[in-house]
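The values are calculated or read from the model by the stated rules, or taken from the named source; none is laboratory data. Everything numeric here is computed off the predicted structure, so don't read it as measured data. Neighbour counts are summed over all protein chains in view; Cβ atoms, including those assigned to glycine, are modelled from backbone coordinates with ideal geometry.
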Number of protein chains: 2
Amino acid sequence: MRGAVIHAPGDVRLETVDDARILKPTDAVIRTAVTCVCGSDLWPYRGAEPTDAPHPMGHEYVGFVEEAGSEVTSVKPGQFVVGSFATSDDTCANCRNGFQSSCLNVEFMSTCQAEYVRIPNAQGTLVATDGVPGEELWPSLLAVSDVMGTGWWAAEAAEVEPGSTAVVVGDGAVGLCGVIAAKEFGAERIIAMSRHEPRQKLAREFGATDIVTERGEEGVARIKELTGGIGADSVLECVGTAQAMRQALHSTRPGGSVGFVGVPHEVAVDGQELFFSHVGLRGGPAPVRRYLPDLIDRVMTGRIDPGKVFDLTLPLEQVAEGYRAMDERRAVKTLLKP
Amino acid sequence: MRGAVIHAPGDVRLETVDDARILKPTDAVIRTAVTCVCGSDLWPYRGAEPTDAPHPMGHEYVGFVEEAGSEVTSVKPGQFVVGSFATSDDTCANCRNGFQSSCLNVEFMSTCQAEYVRIPNAQGTLVATDGVPGEELWPSLLAVSDVMGTGWWAAEAAEVEPGSTAVVVGDGAVGLCGVIAAKEFGAERIIAMSRHEPRQKLAREFGATDIVTERGEEGVARIKELTGGIGADSVLECVGTAQAMRQALHSTRPGGSVGFVGVPHEVAVDGQELFFSHVGLRGGPAPVRRYLPDLIDRVMTGRIDPGKVFDLTLPLEQVAEGYRAMDERRAVKTLLKP
């Protein structure tokens, strides 16, 4: 079968790779309906994470069950399924506590930009839709498997409440989905920090009430102006850099919360500064599995449409161009069709 | 009047100081009923914080209103009052949000180990008791003004819930009050980390169900053993050192929370480690003012007795010995009687 392989920074190729197959009785294999490129895929693509040896790429997927291992009874061949980038058994203590992305048997997906994908922990991980959804819904269901689930988690971790003010730092696909989540959580005012016009437009479409184009301490000052001088109730940090984290912490009011969902790169938080800020901080890989039934339902009923974050659709053959377009910020997020 | 003054590390003296008096119409002056020495007073006493010039000490107090400024209508001379170490106007946005220790007009108390004390922001800060409480209640009411309020905040910030498992790091007065708070919040299992027998005994009296004497990674391993391998739901970090913070973060289960209430000294939290832990982190100076009516009521009705943390009572004249006894760990906390 064909799958994307990264060889070095800037060098992603579609190649013939080993066929996806059942390795354990708890596995399933799916035929990929659509897959995509994630903002976090750009870390190795840009050399910010090392690539010691060529390896497959991709952790987002929706597809049709091709084969289910002997211990997988929750889904069956032919069904259309959505899963999380973090597979989980859905039975361990952490799963029962709702933190399936810290499952004691977690295996992170990494081979999804391919025609077929092996899904470990399939029983706990995959959720079948009610019938096969129309193709027009595939992008949004694909978004649910990662960026929409991650935006949802950002809003939960930032403790967004009805009537509150939420700020979203980062206008990538996750940040934009964070705007959707903040709106669904009932935030009255949603301030998106973005300096890119097409992204500002999408943020507004998703529910942003204000746009702040300034960054760093200027951006913080602008947020303070908009929030009676004290800062926002909730800030969704959807980037992962030290600057974004600083901006998020400084934009939050005393007693407010920051949810951080971009994998932090060289971020350290000063204990004394956090202490005197009274700001709560929680992050991590989104427990997408917990949200799947609810988010699938919101997509299927047309309540949310996170698939709009895909502004470039390419055949899987052009995966290299898909990375390039995102790296050069010509695209927010690339959808790939096998 | 007489008041304690620190001149250098290890050198606290009772001296004649300027009389406490009304400086602003929003001030009150109280005659101190009882005051005490705080664990945080030991930072400058031990030279961990600089003492550039001699200055008064103490931020815990209960007493009788001696005089109220012209804008203070909520309390009147003769009343017995409890206040917070952080004064607050109780009207600004942060106060209305329940974070009075981040009041936009906050003034931290620092002159309370004295016969009389000026209280800024008296209107918002002081809460009068219903009649003058018996002297036997004064220590517990004094504890409410800081250590009990701080333990309460630790439990709130650590999101202690009924039926949960809470760990308390630190067996000083705040940690011991954290045990009281965890019990009042309904924790089913309360694990106190302590290696001092008298403190273990008091922790058990306050509601601790388990004692862990190991520290550092050994202590963490023991907590994991006691919590099905995943860690505790809530951890109250009541110390403020890098070691204590590490111990707290590592003892918490994915999705659990750390409340940190010891002023952090050289503590930095690694963003990526916090991210993958799924642990929530919130701290700060306790918003004691928010808790005062409730905590005063719990003391007056005999439901809680945090005054037991005082295991040494001295006349104010012997303030120096009060510091020494705590520094040498001969006393958990010293009560001072003017």
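Odds and ends about this structure:
- Residues located in the stretch A:243-254, provided they are at the interface with chain B (Cβ under 8 Å from one of its Cβ atoms) and either closer than 18 Å to A:Gly39 by Cα or touching an Asp or Glu at 6+ places or on another chain (Cβ under 8 Å) (or both): A:Met245, A:Arg253
- Residue check, B:Ala8 closer than 23 Å to B:Arg330 by Cα, in contact (Cβ under 8 Å) with a residue 12 or more places away in the chain and of a type outside the set (Asp, Glu): yes
- Within the stretch B:105-114, considering residues that are crowded, with 17+ Cβ neighbours inside 10 Å and in contact with a strand residue (DSSP E or B) (Cβ under 6 Å, 6 or more places away or on another chain), the one nearest to the other protein chains (Cβ to nearest Cβ): B:Val106
- All of (1) farther than 21 Å from B:Ser102 by Cα; (2) surrounded by fewer than 22 Cβ atoms within 10 Å (Cβ to Cβ); (3) touching a helix residue (DSSP H, G or I) at 6+ places or on another chain (Cβ under 8 Å); (4) within 9 Å of chain A (Cβ to nearest Cβ) hold for B:Arg298 with one exception: (4).
- Whichever residue in the stretch B:4-44 is more than 24 Å from B:Gly172 (Cα to Cα) and either hydrophobic (A, V, I, L, M, F, W, C) or in the same structural domain as B:Pro264 (by TED's automatic domain parsing) (or both) and, among such residues, is surrounded by the most Cβ atoms within 10 Å (Cβ to Cβ): B:Ala28
- Residues of the stretch A:40-65 that are touching a residue at least 60 places away in the same chain (Cβ under 8 Å) and polar (S, T, N, Q): A:Ser40 alone.
- Looking only at residues in the stretch A:190-205 that are in contact (Cβ under 8 Å) with a residue 40 or more places away in the chain and of a type outside the set (D, E, K, R), the one that is farthest from A:Arg330 (Cα to Cα) is A:Ile191.
- Filtering the stretch B:257-308 to residues that are among the small types (Gly, Ala, Ser) and without any contact (Cβ under 8 Å) to a residue 60 or more places away in the chain leaves B:Ala268, B:Gly271, B:Ser277, B:Gly302.
- Residue count for the stretch B:292-305 under the criterion of being more than 17 Å from the chain's Cα centre (by Cα) and either in a helix (DSSP H, G or I) or of a type in the set (Asp, Glu) (or both): the result is 2.
- Checking each residue in the stretch A:50-77 for being part of a loop (DSSP other than H, G, I, E, B) and farther than 16 Å from A:Arg21 by Cα picks out A:Pro50, A:Thr51, A:Asp52, A:Ala53, A:Pro54, A:Met57, A:Gly58, A:His59, A:Glu60, A:Thr73, A:Ser74, A:Val75.
- Leading residue by the ranking (surrounded by the fewest Cβ atoms within 10 Å (Cβ to Cβ)) among those in the stretch B:261-284 that are more than 7 Å from chain A (Cβ to nearest Cβ) and within 22 Å of the chain's Cα centre (by Cα): B:Glu266
- Evaluation of A:Met245 against the conditions (1) within 16 Å of the chain's Cα centre (by Cα); (2) in a helix (DSSP H, G or I); (3) farther than 28 Å from A:Glu135 by Cβ shows that the sole unmet condition is (1).
- Whether a residue is in contact with an Asp or Glu (Cβ under 6 Å, 6 or more places away or on another chain), assigned by TED's automatic domain parsing to the domain that holds B:His250 and part of a helix (DSSP H, G or I) was assessed, and B:Arg204 does not pass this test.
- Leading residue by the ranking (farthest from the other protein chains (Cβ to nearest Cβ)) among those in the stretch A:207-242 that are assigned to a helix (DSSP H, G or I) and surrounded by fewer than 16 Cβ atoms within 10 Å (Cβ to Cβ): A:Glu218
- Tally, over the stretch A:70-104, of residues that are more than 13 Å from chain B (Cβ to nearest Cβ) and of a type outside the set (Ser, Thr, Tyr): 14
- Taking (1) away from chain A (no Cβ under 13 Å); (2) of a type in the set (S, T, N, Q); (3) in a strand (DSSP E or B) in turn, B:Ser257 satisfies each apart from (1).
- Lone qualifier among A:Met57, A:Met148 - being farther than 27 Å from A:Gly302 by Cβ, at pLDDT 95 or above and of a type in the set (A, V, I, L, M): A:Met57
- Here is the figure for the stretch B:230-245: residues that are of a type outside the set (A, V, I, L, M), at pLDDT 95 or above and under 19 Å from A:Val279 (Cα atoms) total 3.
- Number of the exception - B:Arg289 against (1) facing chain A (nearest Cβ under 8 Å); (2) not in a strand (DSSP E or B): (1)
- Across the stretch A:150-188, the number of residues qualifying as of a type in the set (Asp, Glu) and crowded, with 24+ Cβ neighbours inside 10 Å comes to 1.
- Residue count, the stretch B:174-201 (criterion: of a type in the set (Gly, Ala, Ser) and assigned to a helix (DSSP H, G or I)): 4
- The residues in the stretch A:124-137 that are part of a helix (DSSP H, G or I) and surrounded by 22 or more Cβ atoms within 10 Å (Cβ to Cβ) can be counted, and the count is 2.
- Selection status of A:Thr32, in a strand (DSSP E or B) and touching an Asp or Glu at 6+ places or on another chain (Cβ under 9 Å): yes
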